[in-house]
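The values are calculated or read from the model by the stated rules, or taken from the named source; none is laboratory data. Since the structure is predicted, the reported quantities are computational estimates derived from the model, not experimental observations. When we count neighbours, we look across all protein chains shown, and the Cβ atoms used for this are built from the backbone with ideal geometry, even at glycine. To get the accessible areas, we keep the full protein, side chains included, count just its heavy atoms, and leave off ligands, DNA and RNA. Shrake-Rupley method; radii C 1.70, N 1.55, O 1.52, S 1.80 Å.
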Amino acid sequence: KLSDGSAISLFETLKSNKSLLSMDLSDCGLTSKVCAMLKDTLKVNTSLLNVDLGSNPFEAAGIKLIADGLADNTKIKRFEFSQIEFGDAGIEYLMNKITKNTALEEAYFCNCKLNDVDGESIAKALPKLKRLQVLNLDYNGLTDYSAV
């Protein structure tokens, strides 16, 4: 697990790395306190193709910052948010932001405790994600209602 101080130092270093292709920070214990730096890192690293932030205890404010960073980087092809609880309107905000990404091919939201309202937000965003080939929503509380 990374402390907030270590994560901030890491993100500061990664901001200047313009050749970074993949960033796997799953289960690193990242908190919402470091999300502003993570947002900046996502924004400036336009070479990033793969981002895995699964299994981190982000709160709603942190998720919004990450979503803003993802909206500014339209080159990411794959991201994973598995085992993250988005809370009220978190997934809706994220989906509205990532529709700006014209390169996105894979998105993973496994075991995020998503409900039908979340599923509706995802369904509304799908027509704008023209290159999306893989959408994994395994182990959530989605029913047929969310597909409407």
In degrees, nearest ten, helix 4-15 long axis to first principal axis of the chain (Cα): 90 degrees
1.4 Å probe accessible area per residue over the chain, in Å²: 50 Å²
Heavy atoms of Phe58: accessible area, 1.4 Å probe, square angstrom to 10: 10 Å²
Area of Thr74 that stays accessible when all protein chains are in place (1.4 Å probe, Å², to 10): 50 Å²
Sequence of Val117, Val44 from largest to smallest accessible area, 1.4 Å probe: Val117, Val44
Total charge dipole magnitude, the chain, about the Cα centre, Cβ charges on Lys, Arg, Asp, Glu only, Debye to nearest 20: 700 debye
Rg to Rh quotient for the stretch 1-48, alpha carbon positions, Kirkwood Rh: 0.94
Flagged links, alpha-carbon separation over 26 Å, of Lys75/Lys128; Lys75/Lys113; Lys1/Lys97: Lys75/Lys113; Lys1/Lys97
Surface accessible to a 1.4 Å probe, Ser82 within the full protein complex, Å²: 10 Å²
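How much of the DSSP bridge set in the chain is antiparallel, in percent, rounded to the nearest 5? Working shown, then result.
Values: 0 of 12 bridges.
Taking every DSSP beta bridge with both residues in the chain, the antiparallel ones total about 0 percent.
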Helix 35-44 axis, angle to the chain major axis (alpha carbon atoms, nearest 10°): 90 degrees
Accessible surface of the chain [probe 1.4 Å, protein heavy atoms]: carbon and sulfur percent: 51 percent
Accessible heavy-atom area order of Tyr93, Tyr145, Tyr139, highest first, probe of 1.4 Å: Tyr139, Tyr145, Tyr93
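Ignoring ligands, DNA and RNA, how do Cys112, Cys28 rank by accessible area with a 1.4 Å probe, largest first?
I get Cys28, Cys112, largest accessible area first.
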Value in Å of the Kirkwood radius, where the stretch 71-148 supplies the Cα pairs that are averaged: 12.4 Å
Backbone N under 13 Å from the Leu126 label point (7 Å along Cα→Cβ), restricted to the stretch 57-93: none
0 to 90° range, to nearest 10: angle between helix 60-72 axis and the chain longest Cα axis: 80 degrees
